[in-house]
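Just so it is clear, none of the values below were taken in a lab; they were calculated from the coordinates. Values in this document were obtained by computation on a predicted structure and should not be read as measured data. Here the Cβ is made from the backbone with ideal geometry for all residues, glycine too, and neighbour counts use every protein chain on show.
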Amino acid sequence: MIIAVARDEAFNFTYRENIDRLRQWGEVIFFSPIHDHALPVCDFLYLPGGYPEFFLKELSSNTQMLQQIHDNLEQGGRCLAECGGMMYLCSAIIDTDGTSYPMVDILKQKATMEGMRLHLGYREWNGFPGHEFHYSHIVEEDSLSTVSGDFAHARQNSSLFTLHSSLYIYKNLRASYIHLYWGEKNLFDLWND
């Protein structure tokens, strides 16, 4: 199995143990959605978190990469996108000034940095532990398969409030704001629901 992992200035939040675990399942190759113009041929695509909101011009101007990722996912490519990676797959990301930058457009919604508010805490997604740490939020959700509750749910935070985080499922894509930890689990169980 060939596993392509986005890694550059915009996508740089990964757990080292997760990458080590991916290496047990196949050959891990890294690519840059900012600098590269071709998505590597792969069996699995991992778009981790980071700070795409600081590189909106660069990401949106790399139209070849945007189109290749879009086509890969439309054709059934398997992908996990977390936080910044999930934002990158939206139709656009809106900066703090309200300027909208086109992105991959596989998730028919926008991520916005307007009205920033911190979302922080431990989460759980189908038995996988993780956490959220972001200031953006999603607007204009459409008829995507959005699952919450039993499949994508959160633990109580320190104030004992139950928090819910959406999981977006489209074909073989699984996307969420949650940064998952699968160093001791089989990540591919997320596709066995």
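Residues whose amide H lies under 5 Å from that of C83, counting only those 5 or more places away or on a different chain, are S176, Y177, I178; hydrogens are built 1.01 Å from N in the peptide plane. Taking a straight line from the alpha carbon of K108, these lysines sit under 29 Å away, with near neighbours fewer than eight places off in the same chain left out: K57, K171. The slack in the chain from F188 to H37, taken as 0.36 nm per residue of separation less the alpha-carbon distance, amounts to 51.6 nm.
Rg and Dmax of the stretch 20-100, based on Cα coordinates, read 13.1, 43 Å.
The H on the amide N of Q109, modeled in the peptide plane, is under 5 Å from the matching H of S91, A92, each at least 5 residues off or on a different chain. The label point for K57 and the one for F13, both projected 7 Å from the Cα toward the Cβ, are 2.4 nm apart. Positive-end ranking of Y15, P33, Q75 along the dipole of the stretch 1-103, with charges on Cβ about the Cα centre, is headed by Y15.
Magnitude of the charge dipole for the stretch 1-52, about its Cα centre and with charges confined to Cβ atoms of Lys, Arg (+1) and Asp, Glu (-1), is about 120 debye.
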